[in-house]
Amino acid sequence: MSTVWPELEPLLGRVQKPARYIGCEDGARIPEHGPGRVSWLLLYPDTYEVGLPNQGLQILYELLNERPDAAAERSYAPWTDLEELLREHGVPLFSLETHRPAGEFDVLAFNLSAELVYTNLLNCVDLAGVPVRSADRGDHHPLVMAGGHCTYNPEPIADFVDAVVLGDGEEVVGEINDVLVAAKSEGAPRAEVLDRLTGVDGVYVPARYEATYEAGRLVATAPVAASVPDVVEKRTVADLADWPYPSTQLVPLTEVVHDRLNVEVFRGCTRGCRFCQAGMITRPVRERPADQVRTMVQEGLRRTGYDEVALTSLSTADFSGIESVVADTVNDPTSCGQVSVSLPSLRVDAFTVGIAAEVQKARRTGLTFAPEAGTWRMRQIINKLIREEDLYAAVESAYSQGWRRMKLYFLIGLPSETDEDTLGIAELARNCVAIGRRHHKAPSVTVSVGGFVPKAFTPFQWFGQNTVDELLRKVHLLRDALRHERGVQLKWHDPRASLIEGLMSRGDRRLGPVIESVWRAGGTFQEWSEHFDDQRWLEAMASHGLSVDEYVHRHRTEDETLPWDHLSAGLHKDFLWQDWRDALAEVGLEDCRWTPCYDCGACTGYGIEHIVASATPPAGGSQGTGQDLARGAEVPVVLSARPPSVGVG
Amino acid sequence: MKVRLRFAKQGKVRFTSHRDVARVWERALRRAELPVAYTQGFTPRPRLHFGLALPTGAESLAEYLDVDLDLGDDAADGFDPATLPDRLTSCLPGGITVVAAAIVDTGVMSLQQAVTSCTWHLEVGGTTGSQLAAVAARALAADEIVITRERKSKQVTDDLRPYLLALSVVGESPDGALLEAEVGTQPRSVRPSELLAALDPVLTERRVTRIHQWMTLDGVRCEPLSPGGPVASSSAHAEVRAS
Ligand code: SF4
């Protein structure tokens, strides 16, 4: 078996953080390769620290390695210092387990969680010694595949990937492996393999579709053969209880983000926040049985030696019986030493500060709330129906129990936003600090604002994103309003990064050459503020004769063909359109877990349904739970942080 | 109760940093279900006391760690440190091997203070055994070996000669020779790469291994803990007490 280790080893003494490249994690498998096995290289096209914790990748890694006819290893994007050395010494990209050259695998499978990593995908493929364009690859090259949230609009990368997987990967990865094992043993040519993959539900082969444009605008993306489906539907696993993965989470030797045990407690969210693509595309809600969660937590802590566990989901406070799971974990007499629990969740209104206190017995430093918008009107539009009183009660309770620092997350550039809505953010922050002063001398509130980027398969997919200038103007409004406010700190996400993210998130195939140009000009690691360069993107757009305004800033119309119309996240387009109209009419929509179904399509289209243990909405929430909004007795809270972001200034 | 551990770090894991290894140890001790004592306060930390940092990329046969344990009196009576090497090694990543363990006095001088010198093996490229021997002889004959190095982002000048306690060529390596160097660690450590650069800039560093750390007890040079079975452990116990 070939390995680049002898060539790589001397280079590692010359790079930052060489531990990124050695593997050796607890939980890593050294798979056997062989003719009867399809070899997969699972790639996360960002640094090891960002990519290693990715749960989707780890789940597929385990599932594939459990099969007798597959072998899976991992790789991450080498940092620029190592990349330079690899190119200089002619060493290809490699896997971490056996340091096998990436080009020797049958499949390079990328997890795409953010649009700004697209140039890194090209770079990894190139470092593997594989042509970046699908059309230029031959029978001996690996297949390049992608999955993850970004693949709901994969059109900008359609030229570079051979196949894209929509939705949950647990089942479909095995079906793809079946196709590839057969193809490998028959020696089927590449074109034939691609044809066969179009027959797997949830697999989209861009080369088997053709996009047509009229008057500079996309009018259709249609299959080129009768055997190819008109619409590719996403995959959804019906019951998380069948998939207790990852069962042996990787424990890295060097520090990574989210360096802790992670246990997914449910998938999907039907709170219905209209800006949230993750919520829309992962419907319906599928809870893991509480006992399975307890087992995974207990065994995971014992096996890994971590002293922290995150119960992950899009809104963990909504998990039926969350209080008892948290209490059992914190008070588990069999655990060695103190265990802390984190509840990453972007919601404000569904948990009590009391539970936060339980969870953070020892480290009571900072709490994060995500009201997302500054006024009630705006929160109705985005369907995040948190009342001001809910937020203040949460903040009051947190300060009174010893927390001193609050972090508040907001979006700016939302549909129909006025300056009054923007300034409402400053008002909320000011009031939170005032509450804090009743308890501490110097309370602090950090206000973090990000420019809203409309995403595919959300009700806001028709909305024209704010320009960089408009977002900056709003940031400056806030800065001026908060200038003399002691205790309030304002941070913002770079609006130029939001622009490029917006370009990719709703772009079509004509952006392929733009991505390639930016990559060829050296534009990798665009998620990293020190490497991000919007000028490269804007120049590439201009040189390919494309208009940023056409893609990003104009409002799209109901009858217009969207680049992702031939793909489906289960959601009916007319449901999304109606929800968009409701948004503009400032009409909220309740959570379908506890109210009648709206037939959005996510269950009804696939013959599945919610799996939620509790028949009643959780305490402490106000939005969409059918609760009396006027009561407000319970206190909402959200813990933990968002993933790292570009250019927080 | 304080336990002193000696471990080796070899192979791919040598690319982990000192900080990484500290975290690896925290998890390993929890996996081994040893009752490590914690600091008080807002953010309780396990009471682990590491010796001199090993440069990232270097191997070692002689790393040390002191761990405070929170054993009840009964448990302390039955506690056998001889079981620790196997128990801990199985909880550590491949390449980190515990080679000795002993109970030491709780008031023992910290490893960082007690250790006065380290012996290194440096595989050196771009030279031959005889060339390197000449370089070594020249260095030992010199009155001073002045280098500039960065400390807290300032350039400072240091004389390395007082740190250089022994230097000899002990073997050949594929494209060069093997140098053994004993280097002082007080008041500051000298990194093997700094030593090599000071000896002759054409020398290239290949693999570096720390093979010993030394302290002085009643004028006698000894290791904080010798590798091996219970005999070595108990003698370490006595030595450290004597200090
Ligand atoms: S199909 Fe009905 S129940 Fe299922 S997610 Fe959509 S609205 Fe909710």
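Would you pick out the residues in segment A:301-331 that are surrounded by fewer than 20 Cβ atoms within 10 Å (Cβ to Cβ) and within 14 Å of chain B (Cβ to nearest Cβ)?
Selection gives A:ARG302, A:ARG303, A:ASP307, A:GLU308.
If I ask for residues that are open to solvent by less than 40 Å² (accessible area, probe 1.4 Å) and either under 15 Å from A:SER39 (Cβ atoms) or among the aliphatic types (A, V, I, L, M) (or both), which ones from segment A:182-191 would you list? It would help to see each step written out before you state the result.
Quick first cut of segment A:182-191, residues open to solvent by less than 40 Å² (accessible area, probe 1.4 Å) only: A:182-183, A:188, A:190.
Listed by number, the residues that qualify are A:ALA182, A:ALA183, A:ALA188.
Here's a check for you: in segment B:1-49, which residue that is among the polar types (S, T, N, Q) and within 30 Å of B:VAL208 (Cα to Cα) is nearest to the other protein chains (Cβ to nearest Cβ)?
B:THR16
Which members of segment A:9-32 meet the condition of being away from chain B (no Cβ under 14 Å) and in contact (Cβ under 8 Å) with a residue 40 or more places away in the chain?
Across segment A:9-32, the qualifying residue is only A:PRO31.
Results for (1) touching a residue at least 24 places away in the same chain (Cβ under 8 Å); (2) open to solvent by 60 Å² or more (accessible area, probe 1.4 Å), shown as yes or no for each residue.
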residue	(1), (2)
A:ALA481	yes, no
A:ARG486	yes, yes
A:SER498	yes, no
A:ASP508	yes, no
A:LEU538	no, no
A:MET541	yes, no
A:ARG554	yes, no
A:THR557	yes, yes
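Report whether or not A:VAL228 is in contact with a helix residue (DSSP H, G or I) (Cβ under 9 Å, 6 or more places away or on another chain) and either within 14 Å of chain B (Cβ to nearest Cβ) or surrounded by 23 or more Cβ atoms within 10 Å (Cβ to Cβ) (or both).
So A:VAL228 does not fit the description; no.
Could we say that A:LEU571 is at pLDDT 90 or above, part of a loop (DSSP other than H, G, I, E, B), within 16 Å of the ligand (Cβ to nearest atom) and open to solvent by less than 40 Å² (accessible area, probe 1.4 Å) here?
yes
Any residue at all in segment A:273-291 that's under 19 Å from the mean Cα position of the chain (by Cα) and either polar (S, T, N, Q) or more than 30 Å from A:GLN380 (Cβ to Cβ) (or both)?
Yes, there is a match, as at least one residue in segment A:273-291 is under 19 Å from the mean Cα position of the chain (by Cα) and either polar (S, T, N, Q) or more than 30 Å from A:GLN380 (Cβ to Cβ) (or both).
Does A:ASP599 qualify as being within 14 Å of the ligand (Cβ to nearest atom) and under 19 Å from A:VAL453 (Cα atoms)? Lay out the reasoning, then the answer.
On the way: within 14 Å of the ligand (Cβ to nearest atom): yes; under 19 Å from A:VAL453 (Cα atoms): no.
The answer is no for A:ASP599.
Among (1) modelled with pLDDT of 90 or more; (2) open to solvent by less than 40 Å² (accessible area, probe 1.4 Å); (3) not aromatic (Phe, Trp, Tyr), which single condition is B:LEU217 missing?
(1)
Of the conditions (1) among the polar types (S, T, N, Q); (2) open to solvent by 40 Å² or more (accessible area, probe 1.4 Å); (3) assigned to a loop (DSSP other than H, G, I, E, B), A:ASN431 fails just one. Which one is it?
The failed condition is (3).
Keeping to segment A:244-271, report how many residues are open to solvent by 10 Å² or more (accessible area, probe 1.4 Å) and either within 16 Å of the ligand (Cβ to nearest atom) or assigned to a helix (DSSP H, G or I) (or both).
Final tally of qualifying residues: 2.
(1) open to solvent by 10 Å² or more (accessible area, probe 1.4 Å); (2) farther than 25 Å from A:ASP559 by Cβ: which one isn't true of A:VAL161, the others all being true?
All conditions are met except number (1).
Looking at B:ASP86, B:ASP68, B:ASP73 in this structure, which one is among the acidic types (Asp, Glu) and open to solvent by less than 50 Å² (accessible area, probe 1.4 Å)? Give the steps one after another, and end with the answer.
Details: B:ASP86 fails: open to solvent by less than 50 Å² (accessible area, probe 1.4 Å); B:ASP73 fails: open to solvent by less than 50 Å² (accessible area, probe 1.4 Å).
None of the others qualify; the one that does is B:ASP68.
If B:PRO85 satisfies every condition in (1) within 10 Å of chain A (Cβ to nearest Cβ); (2) part of a helix (DSSP H, G or I) but one, which is the exception?
Going through (1) within 10 Å of chain A (Cβ to nearest Cβ); (2) part of a helix (DSSP H, G or I) one by one, B:PRO85 breaks only (1).
So the check is Cβ under 7 Å with 6+ separation or different chains; which pairs have a first residue in segment A:284-297 that's within 16 Å of the ligand (Cβ to nearest atom) and a second one that's open to solvent by 60 Å² or more (accessible area, probe 1.4 Å)?
Hits for this filter: A:PRO284/A:GLU609; A:GLU287/A:ALA613.
The values are calculated or read from the model by the stated rules, or taken from the named source; none is laboratory data. Since the structure is predicted, the reported quantities are computational estimates derived from the model, not experimental observations. All Cβ positions, glycine included, derive from the backbone under ideal geometry; neighbour counts span all protein chains shown. All accessible areas refer to the heavy atoms of the entire protein, side chains included, with ligands and DNA or RNA removed. Shrake-Rupley method; radii C 1.70, N 1.55, O 1.52, S 1.80 Å.
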